[in-house]
Amino acid sequence: MPEMDGLEATAAIRALDRPDAKRVPIIALTANAFDEDVQQSLQAGMTAHLSKPVEPAHLYETLEALI
């Protein structure tokens, strides 16, 4: 992303002064699949972390759990 990466964007969304900012689902979809990458996403406030190539069944399962 040109202005900030997904971790920065997530932190910015979570810091907004809006009632839904803390609960809106944010899913990382990334090629970074190491355990430390997953932890970094979750620590930034993301709700879930999916690595590429994404398995459709796992994507649908994650979306179903969050919406």
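Select, from E3, E36, E64, E8, the only residue that is more than 10 Å from the chain's Cα centre (by Cα) and modelled with pLDDT under 95.
On the way: E36 fails: modelled with pLDDT under 95; E64 fails: modelled with pLDDT under 95; E8 fails: modelled with pLDDT under 95.
Result: E3 is the single residue among E3, E36, E64, E8 that is more than 10 Å from the chain's Cα centre (by Cα) and modelled with pLDDT under 95.
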List, please: which pairs have Cβ atoms under 9 Å, are six or more places apart or on different chains, and start with a residue in the range 1-23 that is closer than 14 Å to Q43 by Cβ and end with one that is surrounded by fewer than 10 Cβ atoms within 10 Å (Cβ to Cβ)? E8/M1
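When you check K52 against the structure, is it of a type in the set (D, E, K, R), under 20 Å from D5 (Cβ atoms) and without any contact (Cβ under 8 Å) to a residue 40 or more places away in the chain, yes or no?
On the way: of a type in the set (D, E, K, R): yes; under 20 Å from D5 (Cβ atoms): yes; without any contact (Cβ under 8 Å) to a residue 40 or more places away in the chain: yes.
Yes.
The values are calculated or read from the model by the stated rules, or taken from the named source; none is laboratory data. Bear in mind the structure is a predicted one, so any value in this text is a computation, not a measurement. Using ideal geometry, Cβ is built from the backbone for each residue, glycine included, and neighbour counts are taken over all protein chains shown.
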